[in-house]
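S.K.: I have a structure here, written as structure tokens, and I will follow up with some questions on it.
The values are calculated or read from the model by the stated rules, or taken from the named source; none is laboratory data. Every value quoted in this text rests on a predicted model; they were computed, and no experiment measured them. For neighbour counting, all protein chains shown are included, and Cβ atoms are generated from backbone atoms with ideal geometry for every residue, glycine included. Ligands, DNA and RNA are stripped out before the accessible areas are found, and what is left, the full protein with its side chains, is counted by its heavy atoms. Shrake-Rupley method; radii C 1.70, N 1.55, O 1.52, S 1.80 Å.
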Amino acid sequence: MTDRKILAEFSYDLKPLEKGYNRRTLYVNVGSKEIKSKPVSDMMIDKFVGGKGFDLYLMWHGVKDDTKWNDPENEICIGFGPLCGNTNYPGSGKSIVTTISPLTGIPVDCNVGGHFGPYAKFSGWDAIEIQGKAEEELIVFIDGDKGSVRILTAPDEEINSHILAEELIKEFADSPDKHQFVSVVSSGKGAEHVPISCLNFSFWDKRRKVARLKQAGRGGTGMVFRDKRIKALVVKFSGLKGDTNHPEDLETLQKTGLKLHREIEEGDSSQCHMREVGTAHLVEIMNDYDLLPIKNFKYGQMDEAKGLASWEFKKLFTQGMPDGCWYGCSLACCKAVDGFIPRSGPYKGKSVLVDGPEYETVGGCGSNLCIWDAKDVVELNFYCDTYGIDTISFGTSCAFAMECYEYGILNKERTGGIDLTWGNADAVFELIHQMARGEGFGVIVGQGVRKMKETFAREYGADPKLLQDMGMEAKGLEYSQYMSKESLAQQGGYTLALKGPQHDEAWLIFMDMVNNHIPTFEDKAEALHYFPMFRTWFGLQGLCKLPWNDIEPANNAETDEPAKVPEHVQNYVDIYTAITGKPLDKHELIRQSERVYNFQKAFCLRMGRGRRIDDVPPYRAVGPVTEEEYLSRAERYDKLLQEKQGIDPAGKSTAEKMALLRAFREDQYQQLIDAVYKRKGWTPEGVPTLEHLKNIGMDLPEVLEVVKRFL
Amino acid sequence: MKKVLMTYPQNCIACHACESVCSNLYFKVDDPAFSRIRITEAEPEPHMNACNQCGICVQTCPTLALTINSQGVVMLNKNLCISCYMCVASCPTGSMFRHLGGLAPFKCIACGSCTEACPADAISIAETKEI
Ligand code: SF4
Ligand code: SF4
Ligand code: SF4
């Protein structure tokens, strides 16, 4: 066991939660070593609900207008939400992490599984707020059995998560049969050097007898964590029961949860196979619909993609395990490859467990790089996780570098000898190991796409316009792994997302492009209002979104609004009321989110982003950038020119047709923004109106003061 | 080999004596909703439901609260149970139950108390080969 010194200690009363709330948050300053409890007011509960709402509220009051990601006052907040940790309803164990992102400079929020959130909550806290910058490596240990918080020295050599998490679980658990009562948040070597980093939240897998990891992936949370010199957050809580959330109405909660378990039991094997392959089942579907990102989002379909189809991963995944990231999730999407032997890097030849890969990782580290061997994707997944690197930003950044290599913007001299031709898995392995070592071209790729654009234009004289067109980032964050070119609504879903392009706000490809259910600008605007608000709600409560629509009730197609899955929306209304005792309906559910969403918008404005100018996608997200790209879908684009623009393509050169298509698509996108801003209650510049803020009850003085600056 | 409660519906006269014994023994109430064996009256013969110890729930349980003992009987450790009811949903015969107001689910553990109360030889305890 490591010899640790106690640098600070804080004791608190253990008391049961009441209807999902502790009514206090934990503040830890790793610089000054101050630890304290802050009360949660009725106003916080009414307006901010919990989870991401509490995170943003705490962070707003902790940072200044000009706080940078590496300033001591930047915070890492982890909120849990009133529904978090109940074991009765599938998908109830999520924490939400927020921080000022090193990639975007504005708040980023990540929804993450693992046992840390529920245990920290049951230890007595509705959210944790970490501020300051330590002089030496340390661990923050919350002992929810004893009621104490300690800051401990951390002279541990290990940093990489798959080892550190396991070591700390073993150290802090009372005995080997109690490993499941400890959870660890950590990052890895990579997060010390590159901003495309993440945090790992552990959960002890009793069957496999190993620590597993879920990621707060987007926006560089890991780099902020390591910059504060935090090696780990550790929580211990041993008293978990089926009613630790102390719900108002346990019976309804149990009944509603059991109803969904049964639906999943009956529907999973025919609807989505989550229990066999997790989200990887999407790979073949996306490829079939021409939506799988290939070669840096140039193409959406390729025969070779069958090498990454879910059945290839099924051969590697250990089957028949209850693979939920929190107890009681019968959707159980967290697949794992047991006994994997990496062929590169420091763990070459050693047997390791790999969590996933999930769809996004397969898209980012596989198809988008033309790496078609499932095992190579598993290896990249393993190293990303253990080094604390975000698989999505990693994939998109590598894809951008590879395209630059294809165009001669990069060459072996500039990459330090790395041959970045499409599909060269060894080269990509080298990049990731360089990120972990903090050396070589890997560190440049690890700065993310926006920084690479600047660097390549400045250093190598590359055409900034081409770089902007093909570099898949907006606001500084890399796109996640869906092709949005042919779906206007999806372009909006991505680029209008507050934290930067991530499909967790709105995923509308099928509704828009495949099923044509939202044909007009108004329809799209309505969808781009509803879905971001609906999905924000999961982050307020501590819920996973997958059990919402990955399995649908048998009669869902016959309902009025099948895309919303009305029966499941009602389930959420019911379990919210069952736990908190507060009345709710599907309209107030959206209103709860709207308050926090607009608060986050005001927060972005305050930090210098969040106006219309920041909601601009790279053209690759909207249409074909290169001639080969146009030609790959020439028939479709020619037809569109004819039908939508009334232009006869005959006799026109590809360049002419591309220019016409581009003018049209960019104009459509701007019209979409107009419609969406209007529906959201914002000005054409993307600023919430005072009237709207008043209507939704978010007219707090500090919010109005900021918003007025931009009106 | 495993110990299991065998049912013979052709002999069952639906007197519900087994349910009464079971619910009294484990919950101190005389209520079929708390019995681990369930009799549903039907034609041509009643439907008798008791756990066949198949072990599917054991695979489902995320906390290892369910295990198979040396006699092949599926047993629940209430201290480990977190009341997720994934076992209830996964049971193919509907023999794992949730009860009103309670936390841990319950199931037949082939204790055989009901067999003594049965006037019609419709249940017995047997050692069977694994299914
Ligand atoms: S669906 Fe997957 S990610 Fe969501 S809670 Fe269940 S196991 Fe976790
Ligand atoms: S309770 Fe159901 S699943 Fe479990 S052993 Fe009995 S019959 Fe099988
Ligand atoms: S209810 Fe208890 S016994 Fe059943 S699966 Fe959940 S934890 Fe296991």
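S.K.: Taking B:GLY112, is it within 9 Å of another protein chain (Cβ to nearest Cβ) and at positive phi?
M.R.: No; evaluated as a whole, the condition is false for this residue.
S.K.: Has the stretch B:33-42 got any residue that is more than 12 Å from ligand 3 (Cβ to nearest atom), over 30 Å from A:SER238 (Cβ atoms) and free of Cβ contacts under 8 Å to residues at least 12 places away in the same chain?
M.R.: yes
S.K.: Has the stretch A:170-180 got at least one residue that is buried (at least 24 other Cβ atoms within 10 Å of the Cβ) and away from chain B (no Cβ under 14 Å)?
M.R.: no
S.K.: In the stretch A:274-313, how many residues are away from ligand 1 (no atom under 16 Å from the Cβ) and under 13 Å from A:ILE509 (Cβ atoms)?
M.R.: 9
Condition check ((1) closer than 11 Å to A:ALA127 by Cα; (2) more than 14 Å from chain B (Cβ to nearest Cβ); (3) touching a strand residue (DSSP E or B) at 6+ places or on another chain (Cβ under 7 Å); (4) not aliphatic (A, V, I, L, M)) across all residues:
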{"residue": "A:ILE35", "(1), (2), (3), (4)": "no, yes, yes, no"}
{"residue": "A:TYR57", "(1), (2), (3), (4)": "yes, yes, no, yes"}
{"residue": "A:HIS61", "(1), (2), (3), (4)": "no, yes, no, yes"}
{"residue": "A:LEU83", "(1), (2), (3), (4)": "no, yes, no, no"}
{"residue": "A:ASN86", "(1), (2), (3), (4)": "no, no, no, yes"}
{"residue": "A:TYR89", "(1), (2), (3), (4)": "no, no, no, yes"}
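S.K.: Which of the helices (runs of 4 or more DSSP H) found entirely inside the stretch A:374-465 contain at least 1 residues meeting this: among the polar types (S, T, N, Q)?
M.R.: Passing ranges, in order: A:374-387, A:391-406, A:412-415, A:425-437, A:449-460.
Every residue, every condition in (1) within 14 Å of chain B (Cβ to nearest Cβ); (2) hydroxyl-bearing (Ser, Thr, Tyr); (3) open to solvent by 20 Å² or more (accessible area, probe 1.4 Å), yes or no:
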{"residue": "A:ASP249", "(1), (2), (3)": "yes, no, yes"}
{"residue": "A:LYS255", "(1), (2), (3)": "yes, no, yes"}
{"residue": "A:ARG262", "(1), (2), (3)": "yes, no, yes"}
{"residue": "A:GLN271", "(1), (2), (3)": "no, no, yes"}
{"residue": "A:ARG275", "(1), (2), (3)": "yes, no, yes"}
{"residue": "A:GLY278", "(1), (2), (3)": "no, no, no"}
{"residue": "A:VAL283", "(1), (2), (3)": "no, no, no"}
{"residue": "A:TYR289", "(1), (2), (3)": "no, yes, yes"}
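S.K.: I'd like the full set of residues that are touching a Leu at 6+ places or on another chain (Cβ under 8 Å), more than 13 Å from A:GLY190 (Cβ to Cβ) and open to solvent by 10 Å² or more (accessible area, probe 1.4 Å), limited to the stretch A:391-405.
M.R.: A:TYR405
S.K.: Kindly indicate whether A:ALA506 is assigned to a loop (DSSP other than H, G, I, E, B) and touching a Phe, Trp or Tyr at 6+ places or on another chain (Cβ under 6 Å).
M.R.: Yes, satisfied.
S.K.: Quick one: A:SER41 ticks every box in (1) of a type in the set (Gly, Ala, Ser); (2) touching a residue at least 12 places away in the same chain (Cβ under 8 Å); (3) open to solvent by 30 Å² or more (accessible area, probe 1.4 Å) bar one, so which box is it?
M.R.: A:SER41 satisfies all of (1) of a type in the set (Gly, Ala, Ser); (2) touching a residue at least 12 places away in the same chain (Cβ under 8 Å); (3) open to solvent by 30 Å² or more (accessible area, probe 1.4 Å) except (2).
S.K.: Separate question: Can we say A:LEU540 is in a helix (DSSP H, G or I), open to solvent by less than 10 Å² (accessible area, probe 1.4 Å) and out of contact with any Phe, Trp or Tyr (no Cβ under 9 Å at 6 or more places or on another chain)?
M.R.: no
S.K.: Residue by residue through the stretch A:318-345, note down the ones that are within 16 Å of ligand 3 (Cβ to nearest atom) and open to solvent by 30 Å² or more (accessible area, probe 1.4 Å). Spell out the reasoning first.
M.R.: Filtering the stretch A:318-345 for residues within 16 Å of ligand 3 (Cβ to nearest atom) gives A:320-332.
Matches in the stretch A:318-345: A:GLY320, A:MET321, A:PRO322.
S.K.: Take A:LYS19 and tell me if it is open to solvent by 80 Å² or more (accessible area, probe 1.4 Å), touching a residue at least 60 places away in the same chain (Cβ under 8 Å) and not hydroxyl-bearing (Ser, Thr, Tyr).
M.R.: yes
S.K.: Among the strands (runs of 3 or more DSSP E) confined wholly to the stretch A:166-260, which include 1 or more residues that are of a type in the set (Lys, Arg)?
M.R.: Numbers: elements: A:182-186, A:199-205, A:210-216, A:230-236.
Counting at least 1 such residues, we get A:210-216, A:230-236.
S.K.: For the stretch A:346-359: of the residues being open to solvent by less than 30 Å² (accessible area, probe 1.4 Å) and assigned to a loop (DSSP other than H, G, I, E, B), which is farthest from ligand 2 (Cβ to nearest atom)?
M.R.: Among residues in the stretch A:346-359 that are open to solvent by less than 30 Å² (accessible area, probe 1.4 Å) and assigned to a loop (DSSP other than H, G, I, E, B), the one farthest from ligand 2 (Cβ to nearest atom) is A:TYR347.
S.K.: Which count do you get for residues in the stretch A:338-378 that are within 24 Å of the chain's Cα centre (by Cα) and within 23 Å of B:THR63 (Cβ to Cβ)?
M.R.: Of the residues in the stretch A:338-378, 3 are within 24 Å of the chain's Cα centre (by Cα) and within 23 Å of B:THR63 (Cβ to Cβ).
S.K.: Just need a number here: residues in the stretch B:49-80 that are away from chain A (no Cβ under 12 Å), of a type outside the set (Val, Ile, Thr) and crowded, with 22+ Cβ neighbours inside 10 Å.
M.R.: Looking only at that region, the number is 3.
S.K.: What is the residue count in the stretch B:81-101 for residues that are more than 9 Å from chain A (Cβ to nearest Cβ) and either part of a loop (DSSP other than H, G, I, E, B) or among the aromatic types (Phe, Trp, Tyr) (or both)?
M.R.: Adding up the residues that qualify gives 7.
S.K.: Next question, about the same structure. Do we have A:ALA527 as out of contact with any strand residue (DSSP E or B) (no Cβ under 8 Å at 6 or more places or on another chain), surrounded by 24 or more Cβ atoms within 10 Å (Cβ to Cβ) and farther than 23 Å from A:THR391 by Cβ here?
M.R.: no
S.K.: Please go through the stretch A:51-62 and pick out each residue that is in contact with a Pro (Cβ under 9 Å, 6 or more places away or on another chain) and at negative phi.
M.R.: Residues satisfying the conditions are A:ASP55, A:LEU56, A:MET59, A:TRP60.
S.K.: Of all residues in the stretch A:272-310 being free of Cβ contacts under 8 Å to residues at least 24 places away in the same chain and not acidic (Asp, Glu), which is farthest from ligand 2 (Cβ to nearest atom)?
M.R.: That would be A:GLN301.
S.K.: Can you list the helices (runs of 4 or more DSSP H) lying wholly within the stretch A:606-711 that have 3 or more residues being in contact (Cβ under 8 Å) with a residue 40 or more places away in the chain?
M.R.: So the answer is A:627-632, A:654-680, A:690-696, A:701-708.
S.K.: Any residue at all in the stretch B:68-87 that's closer than 23 Å to A:GLN254 by Cβ, within 16 Å of ligand 1 (Cβ to nearest atom) and among the polar types (S, T, N, Q)? I'd like the intermediate steps shown before the answer.
M.R.: The first filter runs over the stretch B:68-87 and keeps only residues closer than 23 Å to A:GLN254 by Cβ, leaving B:74-87.
With within 16 Å of ligand 1 (Cβ to nearest atom) added as a condition, the list becomes B:82, B:84-86.
Now narrow it down to the ones that are among the polar types (S, T, N, Q): none.
No, the stretch B:68-87 has no match at all.
S.K.: Follow-up. Test each condition in (1) away from chain B (no Cβ under 14 Å); (2) over 18 Å from A:SER480 (Cβ atoms); (3) within 16 Å of ligand 1 (Cβ to nearest atom) for A:ASN381 and report the one that comes out false.
M.R.: (2)
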